[in-house]
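Colleague: Please read through the structure below; I'll follow up with questions.
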Amino acid sequence: MYPAAFDYHRPGSVQEAISLLQENPEAKILAGGHSLLPAMKLRLAEPGAIVDLGSISDLKQLSLNGGATIGAMCTYDALLNSNELETMFPVLHEALAWVGDVQVRNLGTIGGSAAHADPAADIPAALVALEAEFVVVGPNGERTIPASEFFIDIFTTALEPEEVLTQIKLSAPDGNVVSAYEKFPHPASGYPVCGVAVVVTRDGSGNVSSARITATGSVYVVTRLTGAEDALTGTGGDASAVEAASERATEGVSEFAGDHYASSEYREHLTKVFVKRALNRALGN
Amino acid sequence: MTVSETRKDLVGQRLKRREDPRLVKGAARFMDDIVLPGMAHAAILRSPHAHARIVSIDASAARAMPGVAGVFTGRDMEAINPLPCAFPVGRGFENNINTPRALAIDEVHWTGDGVAVVVAETVAQARDAMDVIQVEYEVLPAVVDAELATGEGAPQLHENAPNNIAFKWNAGDQAGTETALGNGEIVLKQRLRNQRLIPTPLETRGATGDYNAGTDEYTFWLSSQAPHVHRLLLAAFVMGHPEEKIRVITPDLGGGFGAKIFVYPEYPLVGWLSKALNRPVKWTEGRAESHSATTHGRDHVTDIQVAANRDGKITGLHVKTWANMGGYLSTIAPGVATTLYGRMVSGVYDIPNVYCEIVGTYTNTGMVDAYRGAGRPEATYLVERAIDLVARELKLDPADVRKVNFIAQESFPYTNGLGMLPYDSGNYVPALDKALKNLGYSDLRAEQETLRKQGKHLGIGFSSYVEVCGVAPSAWINAEGWGAALWESANVKVHLTGKVVVTTGALPHGQGHETTFAQIVSDRLGVAYDDIIVEWGDTKGTPFGYGTYGSRSLTVGGAAVVNSVEKIRDKIKKIAAHVLEVAETDIELNDGVASVTGAPDRSLSFAEIALASATGFSLPAGMEPYLDETSYYDPPNCTFPFGTHIAVVEVDADTGKVDLKRYVAVDDVGNVINPLIVDGQVQGGIVQGIGQALYEGAVYDDDGQLVTGTLMDYAIPHASQMVNMELDRTVTVSPVNALGVKGAGEAGTIASAPAVVNAVIDALSPLGIKHIDMPLSAPRVWAAMQEANERN
Amino acid sequence: MNHSVSMTVNGSKRDGNVEPRTLLVHHIRENLGLTGTHVGCDTSQCGACTIMMNGKAVKSCTVLAVQAEGADIMTIEGLAKDGELHPIQEGFWEEHGLQCGFCTPGMILSSLDLLQRNPNPTEAEIRHGIEGNLCRCTGYQHIVKSIQYAANKMAGAAGDD
């Protein structure tokens, strides 16, 4: 309950934050703090310095202009309060609503969740399914990382140690897009034992022209379920097509997570179940 | 309601609690709110290993850390004796007692064992220094399972306990039961695991010690459900310090559920540290620390064999239980697993042949002791599962099988075959029938059939329970092994201003004694409710009492209050007779007014009586001034609340997730002083039992590491997982005490876990599933369904 | 190195000097002496430490005191106005929404956040709204009733305006 001592920095700009990260190799970035501080309280994390992004107001901006540019320091709550964001990206809204509890959502940030890359986090599933782009700024300037390359492993992203995640960009839905997020929460932590996000595009005749389906919680890093995506694409998206897609949901996934609460077999099974549930809801079956 | 007028009908009213204003305003004082001048803070380094020898401890770096006042190890405090086990198993049985010390000296036996303590100016500094203490361990193999611990080649924890056996105990008729099993028309066997639970009061434990070198007195602030017992045990057994020079104070207590009954190593420790450093020392437990270091509950492995006739009548029940005690014996652990469990395994049923054998074992896990229900939930679970197994096997309605086996109303007081005191009163069929009616049983069974055809798994589960409450008759409990008595005390004083002060040896921590005790006194003394205050929690100022647990406060402590009030009434009559110059037999005492029979204008108001008695200007010859009476009430028997609970669940065929749909309960707790409070007790109890049935379970890995070490892993019920419970009551008055009450604090927990488990098994019975061990988590239920589907 | 922090707490400006690692809950309890805010866990699960920060419920064990620089804080001690219990406090008292009372301050403030967003919640919305708060005593049923009581009372009060 008492973190180890650290130096505290509150930069006013992203550039200042980067300089502080360069000067303090031991530093950790503090965003909403709802993953980092619990770890520090148990002394599972003992960073020598904290760089608090809380005073950089640019990072709290949400701009909606066709697509969405979401400042990394936008809280879940702030994003949940945007009706436009909900209309445009229902899957993200649903995932946001599933995060933690109201107190967590009032302070936790979307950028913090993405950069932390907890294997059992809701947000990455939605972001990968939406093919988000991650804007990061470092000593060498700004670069944009596609979702497919951002999440690498447990608690590991493509962020370099001196880089700051500044924005998450979402492209406006192109055509007839439906989406959903379904989750089986852990009874204690509320984290997904399995979470599945689906984003499905239908062509003019109502057939599925593309599908992006992701799993979180049941796997060690958010994963595209390409078997299900392939199975669904080109179909009419009816219940039998969804059933077939769900059967192929775990195809190509090398490993499912297992622990004392739920075996990997169970999580593999849940992945299929929740692919089915999310798709059926999204497609109105 | 505000009750300023004098009235006689407060007992039975849904009075809102007078405790609440301070609690809803954030103005209560809990353990960690206690701050003393010069106070330092302790942090305890606990063993990272479940079983190891301590080779060496180097605290030099820690001593040099900022703010550190001292670092100590078990060697420094060998003068503190090991803690007492106050409730070993009763006379004639094997007892191999081992208890923990303030800090371990040579060997650690579970990950909660403390090996060193740091005292510093701030908690953070103490924690920093703790991290740099170097301890060299020789790691030893560990065992965590109660049954495996007794097996050949198992790691041995204590020299005096071969095969890790702490005690062996039995009750009932072994030969008769074996004969019944041999002759049974059907005989069923089942292994049941009653998993280990972490009590999890929202406030963790704490302890502050303040030694006064001028008076040689220790003052302790402790998380204690029994401050007088703590003082007694610390004085007589642990610290060897005169009892009158130890004071124990318990402020507002953030829940206990049994876990705060016991004397823990940290309690003598803070006293010793305060004396060593000559300043107050406070220790506040962290939540993860609490999961390791505070006692757990349950953890039984039980084999049952049940014989029955084809009509469902049970003819024999044979029980063998391995009860996990953890690394040492906690304060009353053996008594929980024997008297409170073994003598109750026949439950509400008249089972002609019953035998129960219990082996208490040491393992490299946290100590197990009383947790809400304490033995009775384990007993009820066992017999309620047995009834359902019989009903399922014989294709009989489980409600009918219960009725066939219920102890008949005319059999009370009823003596079971396990040596329990006679059940004081009971009438089991009406409670079951009321529950069936409130549920709409036959309609629900029809709905179940319809849903089954749609592939949905709806289940209805019963639990008919009886518990033993107000465990007190002192001579009896002493024969059971408990080293002291269990009567309860109360003092009632009437001050000069007419205000009444009730002082109790009980220790409320959510049960609302300040309200209910005042309701009782108001009615019986005829004094305005708002003129009565109830005091508790400080050994200086309360009569010796045994505290609050086992649903005993009202049945034993409340009865003591009644006795004190009766003594006050007697004295008032004498004073009134003297002042009004009539015979005592001519005085009537109504609504607090003493008047002459037949001449109501000749009277003394309560204020006049109070003034007269407190000043003593005009009292009968030889009478001492003041109305001040103490009672020590030792009841003739325990009380035996009962009831039937019914759970309705739906199991998700895809995920195994159990959704609670309805919960119907009919309880009989005897007379009810405050229905609002009883409802709250029952609801909270039910949810704790549902927690056991569906979510909770402390898990140790094979090395003795606690896997469910935080609230991220250990799941206690959340609001959204629960439903509104449909409560009802029958009233069978207890003949044991003057109030006719039986106790309500544990009933819900005792009843609910088997109701939910029976409901889940009922839901899954078409698959041929007969049993799943708790917790019935989604992954576990799904695995059982998979297995059944493969079998079918 | 210590940092100075300044925040408004229950309407008063409160200055302090803290280590960066000082959690807001410890600052409130130990430096400001407001012990109605409780610590019930160490993993941000239980919600006993819930306070209002800039009008929203947050777990003060998961905020550094230095992060609250300039913030407007309300603790349970600031909820009753002019000696009158807030309708939520009153609801918890009327409906027996507490037993030991340790979770109660946090539970009440989460309820406040809930009712600010949704003045007329359904039972399910109430249960979901207090998901970040654990109570081990009540089984939640009376807590739900307490919040319903408060919602009704507050709706009545709003209607009177």
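Bear in mind these aren't lab numbers, they're just calculated from the coordinates by the rules spelled out. Note that the structure is a prediction, hence the values are computed from the model and not measured. Please note: Cβ atoms are built from the backbone with ideal geometry, for glycine as well, and neighbour counts cover all protein chains shown.
Colleague: Placing unit charges on C-beta atoms (Lys and Arg positive, Asp and Glu negative, everything else neutral), compute the dipole magnitude of the range C:87-159 about its Cα centre in debye, rounded to 20.
Modeller: 60 debye
Colleague: While we're looking at this one, here's another question. What does the charge count around B:Glu138 come to, taking other residues whose C-beta lies under 14 Å from its C-beta (Lys +1, Arg +1, Asp -1, Glu -1)?
Modeller: Summing Lys/Arg as +1 and Asp/Glu as -1 gives -2.
Colleague: How high is the relative contact order of the range A:176-283, in percent, with contacts defined as C-alpha pairs under 8 Å that are six or more residues apart?
Modeller: Value for the range A:176-283: 28 percent.
Colleague: What's the magnitude of the charge dipole for chain B around its Cα centre, counting Lys and Arg as +1 and Asp and Glu as -1 at the beta-carbon? Answer in Debye, nearest 20.
Modeller: Around 720 debye, computed over chain B.
Colleague: Mind checking Rg over Rh on the range C:1-160, alpha carbons, Kirkwood formula for Rh?
Modeller: 0.98
Colleague: Provide the packing ranking of A:77-89, B:253-265, i.e. peptides ordered by the mean count of other C-beta atoms within 10 Å per residue, highest first.
Modeller: Ranked by mean Cβ neighbours within 10 Å, highest first: B:253-265, A:77-89.
Colleague: Students often check this: by mean Cβ neighbours within 10 Å, which of A:155-166, C:93-104 ranks highest, and how do the rest follow?
Modeller: Result, highest mean Cβ count within 10 Å first: C:93-104, A:155-166.
Colleague: So for B:Leu451, B:Leu15, fewest C-beta neighbours within 10 Å to most, what's the order?
Modeller: In order of increasing Cβ crowding within 10 Å: B:Leu451, B:Leu15.
Colleague: Averaged across C:140-147, how many Cβ atoms of other chains sit within 10 Å of each residue's Cβ atom?
Modeller: Per-residue shielding by partner chains comes out at 5.
Colleague: Which whole number gives the average count of other chain Cβ atoms within 10 Å of the Cβ atoms across peptide B:682-695?
Modeller: 3
Colleague: Which order do B:Glu480, B:Glu584 fall in if you start with the one that has the fewest other Cβ atoms within 10 Å?
Modeller: By the 10 Å Cβ count, ascending: B:Glu584, B:Glu480.
Colleague: For the range B:1-144, what's the relative contact order in percent, using C-alpha pairs closer than 8 Å and at least 6 residues apart?
Modeller: 38 percent
Colleague: Can you pull a Stokes-Einstein diffusion coefficient for chain B at 4 °C (1.567 mPa s), Rh from Kirkwood over Cα pairs, as a whole number of µm²/s?
Modeller: The estimated diffusion coefficient comes to 47 µm²/s.
Colleague: Now, a different point. Please give every one of the aspartates and glutamates within straight-line cross-link reach of B:Lys437, meaning a C-alpha to C-alpha distance under 17 Å, and leave out same-chain neighbours fewer than 8 residues apart.
Modeller: B:Asp397, B:Asp400, B:Glu447, B:Asp667, B:Asp668, B:Glu726, B:Asp728
Colleague: For chain C, what is the number of Lys pairs with C-alpha distance below 22 angstrom, counting only pairs 8 or more positions apart or on separate chains?
Modeller: Summing the qualifying lysine pairs gives 7.
Colleague: Also, quick follow-up: Quote the relative contact order of chain B in percent (integer), defining contacts as alpha-carbon pairs under 8 Å separated by 6+ residues.
Modeller: RCO, chain B: 16 percent.
Colleague: Residue by residue, what Karplus-based ³J(HN,Hα) values in Hz, rounded to whole numbers, does the range B:279-296 have, using 6.51, -1.76 and 1.60 with θ = phi - 60° and x for Gly and Pro?
Modeller: Result, rounded to whole Hz: 7, x, 10, 10, 10, 10, 6, x, 5, 5, 4, 5, 4, 7, 9, 8, 4, 9.
Colleague: Which of the peptides B:616-629, C:132-145, B:745-758 is most tightly packed, and how do the rest follow, judged by the mean count of other Cβ atoms within 10 Å per residue?
Modeller: By packing density, highest mean first, the sequence is B:745-758, C:132-145, B:616-629.
Colleague: Over all residues in B:647-658, what is the mean tally of Cβ atoms on other chains that come within 10 Å of each residue's Cβ?
Modeller: That average works out to 2.
Colleague: Among the listed pairs B:Lys493/B:Lys540; B:Lys189/B:Lys661; B:Lys540/B:Lys571, which are separated by more than 20 Å between their Cα atoms?
Modeller: Cα-Cα > 20 Å for B:Lys189/B:Lys661; B:Lys540/B:Lys571; rest within.
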